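My questions all concern the structure below.
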Amino acid sequence: MFKKFLSLIAALIVVISLASCSNSSSTNDKKLKVAVSFNAMKELTYAIGKNKINIVTIIPNGTEPHDFDPKAKDIKTLYDSKIFIYSGLGMETWVDKTLKSVNNKDLISVEASNGVKAIKNSDASEIAEHGKYDPHSWLSLNDAKIESKNIRDALTKADPTNKKFYYDNYNEFCKKVDSLNQEYVDKFRTVKNKDFVTGHAAFAYLCRDYNLNQKSVENVFADGEPSTKQLADLTKYCKDNNVKTVFYEDMVSPKVSSTLAKEVNAKTQKIYTIESAEDGKDYLASMKTDLDEIYTSLK
Ligand SMILES: [Zn+2]
């Protein structure tokens with residue numbers, strides 16, 4: 001009797017879980033399917049699409065996005081999606097080739113940075129290896145507004161019924177961006193020191209917004225540790241400019257940052273490139289932390 005009861009319970013659990021399973025997939029089926037290249041695109045897209053869309057991020061968190069190659073399952077993701085959002089400016093070198101091999105003629109693909117005033121790379125070997133431009137435009141609040149406008153327009157094109165929803169979310173997002181931006185325009189204006197040192201040179205667009213300068217232990221595309229000479233130059237730079245904080249990123253040579261910090265008697269502080277999701281922070285929370293930590297280090 002007891003055994004029969006147990007098997008009845010087990011059967012019930014199976015039925016319930018099957019029901020809830022098919023339920024959730026049918027809700028998901030109604031949502032607009034959006035593929036994005038990496039975490040920053042996910043954050044900006046979520047800010048506009050919220051619960052009306054179903055986002056799949058192609059580059060997994062914790063993977064170095066500057067040297068990523070798509071797999072068969074990523075082609076399948078793009079085949080199943082309505083929209084594909086990538087940042088562009090050479091961040092996702094695999095896009096053109098990959099899109100050619102995806103048999104989905106209805107896919108709306110969007111280069112989010114379209115319309116951003118691109119910053120050119122200055123290092124010759126970097127240009128040869130990665131192309132003309134620095135891709136990190138999403139780390140500028142001003143440029144994030146351009147990117148999220150492109151995202152808004154793509155979502156609206158694919159799903160015109162929810163146009164008002166996407167426009168409202170975009171306007172609300174821009175309001176928050178503007179207020180955070182103005183706060184730091186005012187703050188950075190008050191500091192004399194404008195130089196900071198970080199892991200990889202991801203902050204040129206942020207620097208442009210506030211007249212700051214970055215130095216980094218790795219180049220724009222986060223490949224290769226610095227040579228002894230580069231490290232000696234950085235040490236001198238830190239001492240000359242009274243740098244008291246050396247920033248580091250989870251995926252980029254935290255050891256080099258900490259070696260440098262010890263050498264110049266500075267502290268280390270984590271900074272977010274938003275290339276991967278970290279510490280449960282969304283786009284604005286990560287940007288606020290970055291701006292605040294950079295400002296604190298310059299005060
Ligand atoms: Zn980067």
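Please tell me if ASP96 is assigned to a helix (DSSP H, G or I) and within 16 Å of the ligand (Cβ to nearest atom).
Answer is no for this residue.
Residue under question is SER179, and the condition is that it be more than 15 Å from the ligand (Cβ to nearest atom), without any contact (Cβ under 8 Å) to a residue 60 or more places away in the chain and in a helix (DSSP H, G or I); does it hold?
When the stated conditions are applied, SER179 passes them.
Something else now. Answer yes or no as to whether SER87 is in contact with an Asp or Glu (Cβ under 9 Å, 6 or more places away or on another chain), under 30 Å from TYR184 (Cα atoms), open to solvent by less than 60 Å² (accessible area, probe 1.4 Å) and modelled with pLDDT of 95 or more.
Yes: the conditions hold for SER87.
Same structure again: Take segment 118-152 and flag every residue that is surrounded by 18 or more Cβ atoms within 10 Å (Cβ to Cβ) and either of a type in the set (Gly, Ala, Ser) or in contact with a strand residue (DSSP E or B) (Cβ under 8 Å, 6 or more places away or on another chain) (or both).
Matches in segment 118-152: ILE119, ASN121, TYR133, ASP134, SER137, SER140, ALA144, SER148, ASN150, ILE151.
Let me ask you something else. Among (1) aliphatic (A, V, I, L, M); (2) touching a residue at least 12 places away in the same chain (Cβ under 8 Å); (3) in a helix (DSSP H, G or I), which single condition is ALA128 missing?
It is condition (2) that ALA128 fails.
Determine whether segment 147-155 contains at least one residue that is part of a helix (DSSP H, G or I), under 30 Å from LEU32 (Cα atoms) and within 16 Å of the ligand (Cβ to nearest atom).
The answer is yes, given that some residue of segment 147-155 is part of a helix (DSSP H, G or I), under 30 Å from LEU32 (Cα atoms) and within 16 Å of the ligand (Cβ to nearest atom).
To keep it simple, each residue is scored yes or no on (1) within 16 Å of the ligand (Cβ to nearest atom); (2) modelled with pLDDT of 95 or more; (3) more than 19 Å from the chain's Cα centre (by Cα); (4) of a type in the set (A, V, I, L, M).
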| site | (1), (2), (3), (4) |
| --- | --- |
| LYS145 | no, yes, no, no |
| PHE165 | no, yes, yes, no |
| ASP186 | no, yes, yes, no |
| LEU206 | yes, yes, no, yes |
| TYR210 | no, yes, yes, no |
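So, one more: What's the total number of residues in segment 59-83 that are free of Cβ contacts under 8 Å to residues at least 60 places away in the same chain, away from the ligand (no atom under 16 Å from the Cβ) and either outside any helix (DSSP H, G or I) or in the same structural domain as ASP282 (by TED's automatic domain parsing) (or both)?
4
If you don't mind, there's one more thing I want to ask. If I ask for residues that are assigned to a helix (DSSP H, G or I), closer than 22 Å to ASP123 by Cα and within 16 Å of the ligand (Cβ to nearest atom), which ones from segment 224-266 would you list?
Within segment 224-266, VAL256, SER257 qualify.
While we're on this one: Working only within segment 159-173, note down all residues that are crowded, with 19+ Cβ neighbours inside 10 Å and either among the hydroxyl-bearing types (Ser, Thr, Tyr) or assigned to a helix (DSSP H, G or I) (or both).
TYR166, ASN169, TYR170, PHE173
The values are calculated or read from the model by the stated rules, or taken from the named source; none is laboratory data. Not measured: the values here are computed from a predicted model. Cβ atoms come from the backbone with ideal geometry, glycine included; neighbour counts cover every protein chain shown. Side chains included, ligands, DNA and RNA excluded: accessible areas come from the protein's heavy atoms. Shrake-Rupley method; radii C 1.70, N 1.55, O 1.52, S 1.80 Å.
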